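The values are calculated or read from the model by the stated rules, or taken from the named source; none is laboratory data. Owing to the predicted nature of the structure, the values given are computational and were not obtained by experimental measurement. Because the Cβ atoms are built from the backbone with ideal geometry, glycine has one as well, and the counts that use them run over all protein chains shown.
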Ligand code: NAP
């Protein structure tokens, strides 16, 4: 159980982040729901958690903004007294073939997915180092392991998240902080709803278990990695992908 733990989940207004926030709240954590643009969705996520007696608050900021990460993570510690769990989930795609990909599309994806993850780890780990305890889970992707045509920016960002996870795991291990990554395959969310039926069918054909995953499948893996039961696991990448990347 996560009673008395404070958890920050980035990008928790929708999709996988929302499912993780809900699951951690069900386990007893006080969850900070970070979002960037979808205020209504963030409010819905908070209301859902409160509907079963869970504890949550909402904080808007762009995780690609270094100063905003510092300011808001310091606010969380000041307000709630600790920060025990960080789930770096917020992410974006700007797909396009290499020759057509703009610099802006490359930068936007790297800035959010990779630099945003660094920003949050940097400021959250300051507090976790003081506490001599902490759990960090970074959401990568099978796209960062296998590579995916049309996603040079996204695959680079998600492969970067894996390297960042392992380096941070080595730096923080001696202070009781674990850092792991989850690499989801195709999961039913707004991010994959935009794919054409053709692309979706092509994706399913590559999944040994034969279907897209659910957001709850990722939430279950995150709940395990932040639990006491995962205390001897760090620097790992857990693929939750129906067998796609094996
Ligand atoms: P989604 O439905 O598009 O939701 C993305 C979430 O990230 C939203 O809550 C969004 O908030 C937030 N976000 C985006 N940019 C942000 C920023 N700069 N600052 C703060 N929050 C930001 O995506 P999803 O499918 O749930 O994906 C969640 C994570 O899983 C991502 O890292 C994604 O790359 C990864 N993933 C997804 C899949 C999949 O198949 N769905 C597969 C592998 C990996 P607002 O709406 O408020 O802007």
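Within the range 155-164, being out of contact with any strand residue (DSSP E or B) (no Cβ under 6 Å at 6 or more places or on another chain) and either buried (at least 24 other Cβ atoms within 10 Å of the Cβ) or under 20 Å from residue 233 (Cβ atoms) (or both) holds for 157, 158, 163, 164. Looking only at residues of the range 49-72 that are touching a strand residue (DSSP E or B) at 6+ places or on another chain (Cβ under 7 Å) and assigned to a helix (DSSP H, G or I), we find that the one that is nearest to residue 222 (Cα to Cα) is 49. Just so you know, in the range 109-135 the residues that are within 17 Å of the chain's Cα centre (by Cα), farther than 19 Å from residue 235 by Cβ and without any contact (Cβ under 8 Å) to a residue 60 or more places away in the chain include one that is nearest to the ligand (Cβ to nearest atom), and it is 112. Set side by side, the residues 34, 113, 43 differ, and just one is assigned to a helix (DSSP H, G or I) and surrounded by 21 or more Cβ atoms within 10 Å (Cβ to Cβ), which is 113.
Considering the conditions (1) within 6 Å of the ligand (Cβ to nearest atom); (2) touching a helix residue (DSSP H, G or I) at 6+ places or on another chain (Cβ under 6 Å), residue 20 is excluded by exactly one of them, (1).
Kindly indicate whether residue 100 is more than 13 Å from residue 181 (Cα to Cα) and out of contact with any helix residue (DSSP H, G or I) (no Cβ under 8 Å at 6 or more places or on another chain). Against the criterion (more than 13 Å from residue 181 (Cα to Cα) and out of contact with any helix residue (DSSP H, G or I) (no Cβ under 8 Å at 6 or more places or on another chain)), residue 100 qualifies.
Close contacts from the range 136-157, counting a first residue that is more than 11 Å from residue 113 (Cβ to Cβ) and without any contact (Cβ under 8 Å) to a residue 12 or more places away in the chain and a second that is near the ligand (Cβ under 8 Å from one of its atoms) and in a helix (DSSP H, G or I), with Cβ to Cβ under 9 Å and a gap of 6+ residues or different chains, come to 148/154. Cβ separations smaller than 8 Å between residues 6+ apart or across chains give the following pairs from the range 189-215 residues that are more than 18 Å from residue 18 (Cβ to Cβ) and at pLDDT 95 or above to residues that are assigned to a helix (DSSP H, G or I) and more than 10 Å from the ligand (Cβ to nearest atom): 210/204; 211/204. Sort out which residues of the range 74-108 are within 13 Å of the ligand (Cβ to nearest atom), in contact (Cβ under 8 Å) with a residue 12 or more places away in the chain and either surrounded by fewer than 20 Cβ atoms within 10 Å (Cβ to Cβ) or assigned to a helix (DSSP H, G or I) (or both), and write them in order of number. The answer is 92, 94, 95, 108. Across the range 137-161, what is the total count of residues that are touching a helix residue (DSSP H, G or I) at 6+ places or on another chain (Cβ under 6 Å) and more than 20 Å from residue 105 (Cα to Cα)? Qualifying residue count for the region: 2.
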